[in-house]
1. Looking only at residues in the range B:118-134 that are hydrophobic (A, V, I, L, M, F, W, C) and open to solvent by less than 20 Å² (accessible area, probe 1.4 Å), which one is farthest from the other protein chains (Cβ to nearest Cβ)?
2. Going through B:E82, B:E76, B:E118 one at a time, which residue ends up being on the phi > 0 side of the Ramachandran plot and among the charged types (D, E, K, R)?
3. Given (1) outside any loop (DSSP other than H, G, I, E, B); (2) in contact with a strand residue (DSSP E or B) (Cβ under 8 Å, 6 or more places away or on another chain); (3) open to solvent by 10 Å² or more (accessible area, probe 1.4 Å), where does B:A529 come up short, assuming only one miss?
4. When you check B:P155 against the structure, is it open to solvent by 30 Å² or more (accessible area, probe 1.4 Å), more than 10 Å from chain A (Cβ to nearest Cβ) and in contact (Cβ under 8 Å) with a residue 24 or more places away in the chain, yes or no?
5. A:D77 versus (1) within 17 Å of A:Y234 (Cα to Cα); (2) open to solvent by 10 Å² or more (accessible area, probe 1.4 Å); (3) of a type in the set (D, E): which is the lone unmet condition?
6. Which one of these does B:N491 not meet: (1) within 17 Å of B:R309 (Cβ to Cβ); (2) in contact (Cβ under 8 Å) with a residue 40 or more places away in the chain; (3) more than 15 Å from the chain's Cα centre (by Cα)?
7. Any residue at all in the range A:229-249 that is open to solvent by 10 Å² or more (accessible area, probe 1.4 Å) and β-branched (V, I, T)?
8. Which is surrounded by fewer than 19 Cβ atoms within 10 Å (Cβ to Cβ) and not aromatic (F, W, Y), of A:G142, A:G108, A:G161?
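The values are calculated or read from the model by the stated rules, or taken from the named source; none is laboratory data. Remember, predicted model here, so these are calculated numbers, not experimental data. FYI the Cβ positions are ideal-geometry reconstructions off the backbone, even for glycines, and counts take in every protein chain you see. SASA here: full protein model, heavy atoms, side chains in, ligands and nucleic acids out. Shrake-Rupley method; radii C 1.70, N 1.55, O 1.52, S 1.80 Å.
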Amino acid sequence: MSVIKKPAMKGVQRGLSPTPFHDFLAPMNLEQSWMDWAGFLSPRHFESIESEYFAIRNQATVFDVSPMRKYRIAGPDALTVMNRLVTRNVAKMRDNRVAYSIWCDEDGNVIDDGTVFRFTATDFRLCCQEPQFSWLNDVAWGFDVEIVDESLDVAGLSLQGPTSYAVLKAAGFNGVETMKPFDIRHFDDGVTVSRTGFTGDLGYELWVPNDKAAALWQHLFAAGRIHGLKPVGYEAVEMTRIEAGLLLPGKDFQSSHHALRSTRGRTPFELGFGWMVDFGKGHFNGRRALLKAKETGPRYMVVGLDIDGNKPAYDALVYHRGKVEAGHVTSALWSPTCKRNLAFAMLKAPYGIGVTDDLFVEIYRDKEGKWEKGLARARIVNRRFFDYPRRAATPPALY
Amino acid sequence: MTEVSGKNGKAGRYDAIVVGAGHNGLTAGAYLAKAGLKTLIVEKNDYIGGAAVSRELHEGWTYSNCSYVCSLLRPEVARDLELGRHGLQVIPYEGGATFLNNGDHFGSYAEHNAFRREIQRHSPIDADAYDRYSRYIMRQCRFIRPLLLRTPPDPVSMRPKDLQEMMFLLKRFHDLGAREMADMLRFWTMSVGEFLDEFFESEVLKAHFAGSGIIGTGLGVYSPGTAYVLLHHYMGDVDGSIGAWGFTRGGMGGVSKALSLAFMEAGGEIVTGSGINHFLTENGQVSGVVLDNGDVYEASTVVSNMDVRRTFLEHVEEGELDGDFIKAVKRFKIRGSSGKLNIALDSLPDFPALPPNSILMQGDMHASESLDELERAYDDWKVGKWSEEPYFDMLIPSQIDPTLTHPGKHMMTVFVQYAPYELAGGESWNGPARQAFADTVINKIARHSPGFRDKIVHMEVRTPWDIENEVGLTEGNIFQGELTFDQLLFNRPVPGYAQYRSPIKGLYLCGSSAHPGGGVMAAPGANAAREVLSDMGRAAVGNGVMGRAA
């Protein structure tokens with residue numbers, strides 16, 4: 001059922017591994033600022049977070065997403081297995097389309113989120129943050145599919161920003177102009193392009209076998225230089241994903257497979273993902289629990305907050321009427337594009353559901369060595385803070 | 001540890017006497033002395049420490065003769081008794097490996113990414129499964145850790161304190177949620193083999209983890225109850241890193257030394273060199289102890305650090321105890337199942353299976369490659385033989401600790417499972433059997449380390465018989481009684497007497513026979529002292545051990 005690959009070597013590498021793009025990334029990383037992403041050297045930033053952030057929102061950028069986990073689920077029962085795994089209805093997807101989705105455990109708590117690539121009804125790829133190989137094999141037990149962990153075989157570049165389309169055009173990706181959001185297109189040299197991303201902006205993700213990764217990088221940069229193409233690190237991407245209203249597992253919610261406290265699990269409804277739950281498609285993992293959860297109503301609610309002032313509410317507690325603790329902030333930033341002080345918060349019912357007014361966040365400020373505490377008013381708003389039409393325009397504007 | 005000297009007197013009167021200077025006796029003594037009691041500890045050996053000792057048996061090499069690594073020692077106790085100031089230092093170690101007969105190995109890296117790659121090398125599915133396994137174990141740890149420094153409630157008592165503790169226990173249990181409750185009951189009663197089979201497919205990985213489920217236990221990897229023993233080895237921590245183990249600088253005697261310094265600073269006295277002959281009692285109340293050398297010490301509170309069998313079957317007048325109690329003590333399972341080699345090495349051994357200069361050598365090394373092999377090792381024990389293919393837990397602390405021997409030389413500690421207390425055919429351990437046992441182990445090590453034998457400068461071989469004779473642990477059981485569910489919580493050591501008290505008024509148990517059991521934990525000692533002080537109407541000592549007295 002599953003393909004086991006056993007590298008024949010004595011022991012394993014310690015420390016962090018280079019990605020297939022590392023030789024290009026390293027010289028550009030002026031401060032050699034790296035972080036651990038799934039055991040890979042992942043850039044935190046290259047020059048300044050600010051310049052990288054504005055490059056995402058103003059020109060074109062690449063972020064090395066090779067450390068993403070990639071699983072291939074293929075075989076006669078692939079569609080059945082995928083539908084058993086995720087809460088959305090994969091049968092409704094057309095071939096060569098991507099769908100953002102989540103998957104749950106038996107209790108209806110979210111395990112992880114990710115993107116489902118449907119190449120055909122018998123061939124899927126799942127891209128996600130956390131390792132899922134053993135879970136996928138559990139879910140696929142008894143079904144006729146082959147599950148291959150492609151994580152170490154497929155490299156990925158996230159090409160994001162208003163001129164990303166122009167870069168692809170210049171690089172000769174013909175036909176890219178007809179790609180709608182979430183479309184997949186296959187190109188020469190094993191390059192697969194999906195119109196997806198984590199920034200809420202116009203953007204694409206390019207997937208390529210490891211041995212073709214270097215060529216892709218060189219090709220893109222040769223074509224992209226005049227369109228302002230530059231690499232960005234995690235910090236800038238993090239800002240844009242908050243602006244885009246996208247949740248990060250482990251930060252904005254805890255995967256039920258990692259939480260030690262059984263009460264930390266969250267249902268899709270509590271994360272604002274109710275729209276992704278399709279009860280009409282037949283059984284899937286967590287369905288029974290989710291039917292019940294829908295009836296009893298959410299115990300928590302993740303909300304977007306617009307906060308007074310300009311000091312980001314990192315790790316802040318949220319209070320109702322400045323007194324009763326209502327929850328806490330999970331992600332926060334001052335948005336240079338929206339010009340708003342934004343955050344996601346996990347609120348405990350009834351806050352965020354029945355009670356949505358009179359919320360405040362407690363913010364600490366370091367005023368040159370003296371800490372001051374202040375309460376700032378917060379309003380619940382749609383968490384898709386950044387939503388420009390250029391994200392979905394087809395064909396995209398050629399800047 | 002012979003430098004510890006108490007006031008040597010032929011007779012004396014004390015507020016409290018502790019029998020046995022094992023780490024729990026020292027802990028109990030230190031708490032009592034700090035509470036202002038005039039406290040005496042009597043010890044049969046010339047040195048203190050019980051099974052937490054460091055001894056130089058060959059010039060230039062210090063062994064951790066019995067216990068050899070530290071994780072379970074309660075941080076609350078270390079804090080209360082200021083063990084840091086008294087010199088205790090526990091250094092977490094990284095690494096560990098299981099050697100395979102095909103020349104490969106399974107490496108246990110502390111570093112998450114490397115460990116993941118290593119598991120993946122043996123089985124890709126198991127790499128993810130390990131995360132789920134870890135979470136499962138951690139959830140169990142979260143449940144059990146807060147219970148360690150609490151006195152188990154008497155489940156049939158209606159006293160407010162017992163009811164309160166029972167409620168505490170039930171509430172924690174209830175808070176787990178339906179699934180976790182079910183998991184917990186399964187986990188506490190199932191075998192470590194079945195437990196690991198549920199998560200993993202790689203034989204070597206299962207064998208590597210399974211060792212923790214059988215260490216010190218007269219059970220096999222497929223015997224019910226061994227999953228809990230695994231948890232018992234995971235629930236400790238080094239500076240908050242749960243599940244981590246460390247070397248005590250200077251060997252495990254460092255724990256006892258720090259405890260004894262805390263005890264003596266608080267005014268306690270230690271008398272070594274003569275064991276107890278019997279407890280003195282008057283009308284069902286303890287009144288003191290008589291030592292083998294004839295010395296008599298009086299006290300209306302006596303705390304025994306000896307195991308429950310030794311305490312009541314060998315040193316209390318049988319007529320003082322009810323038949324039912326004696327029967328319960330007799331059936332308390334305290335089976336010898338392990339031995340130990342302490343080896344002085346001329347140089348660092350080679351393990352060609354490992355990558356060069358591997359950090360894996362700095363941790364616990366094993367050479368049992370499957371659960372089947374481990375189960376067969378247990379089969380030998382059942383028929384009174386030591387395992388032909390023994391499981392061993394082998395470490396070389398001198399790679400990290402510079403105080404143990406000269407630079408370039410090494411000290412190796414090899415814990416060996418299984419070795420029976422009674423050999424088949426009535427053969428004595430105190431003869432050729434001891435060396436034959438050692439040879440079995442050395443041969444197995446040498447299979448994975450060419451030239452190992454030539455590096456041996458000196459070796460101490462300890463069979464269950466030796467451990468019983470020297471340390472005083474019945475049958476050489478390192479936990480003062482099996483850690484199976486039937487002998488845990490309010491059933492430890494025997495039902496009705498889980499609160500450190502005994503049928504004899506004023507006579508308490510503070511050793512690992514009592515809750516929460518064995519390992520260098522200091523919890524039974526601290527808990528017993530708290531109960532003693534409660535009975536005296538005195539306030540408990542320290543901020544760490546604030547748990548309620550029953």
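1. Applying the first criterion (hydrophobic (A, V, I, L, M, F, W, C)) to the range B:118-134 yields B:119, B:125, B:127, B:129.
Still in the list and also open to solvent by less than 20 Å² (accessible area, probe 1.4 Å): B:119, B:127, B:129.
Values: B:I119: 9, B:A127: 7, B:A129: 4 Å.
Within the range B:118-134, the match that is farthest from the other protein chains (Cβ to nearest Cβ) is B:I119.
2. Going through B:E82, B:E76, B:E118 in turn, just one is on the phi > 0 side of the Ramachandran plot and among the charged types (D, E, K, R): B:E82.
3. It fails just one condition, (3).
4. Details: open to solvent by 30 Å² or more (accessible area, probe 1.4 Å): yes; more than 10 Å from chain A (Cβ to nearest Cβ): yes; in contact (Cβ under 8 Å) with a residue 24 or more places away in the chain: yes.
Considered against the rule, which asks whether it is open to solvent by 30 Å² or more (accessible area, probe 1.4 Å), more than 10 Å from chain A (Cβ to nearest Cβ) and in contact (Cβ under 8 Å) with a residue 24 or more places away in the chain, B:P155 comes out as yes.
5. Condition not satisfied by A:D77: (1).
6. If we test B:N491 against (1) within 17 Å of B:R309 (Cβ to Cβ); (2) in contact (Cβ under 8 Å) with a residue 40 or more places away in the chain; (3) more than 15 Å from the chain's Cα centre (by Cα), just (2) comes out false.
7. Yes, the range A:229-249 contains at least one residue that is open to solvent by 10 Å² or more (accessible area, probe 1.4 Å) and β-branched (V, I, T).
8. Numbers: A:G108 fails: surrounded by fewer than 19 Cβ atoms within 10 Å (Cβ to Cβ); A:G161 fails: surrounded by fewer than 19 Cβ atoms within 10 Å (Cβ to Cβ).
When all the criteria are applied, what remains is A:G142.
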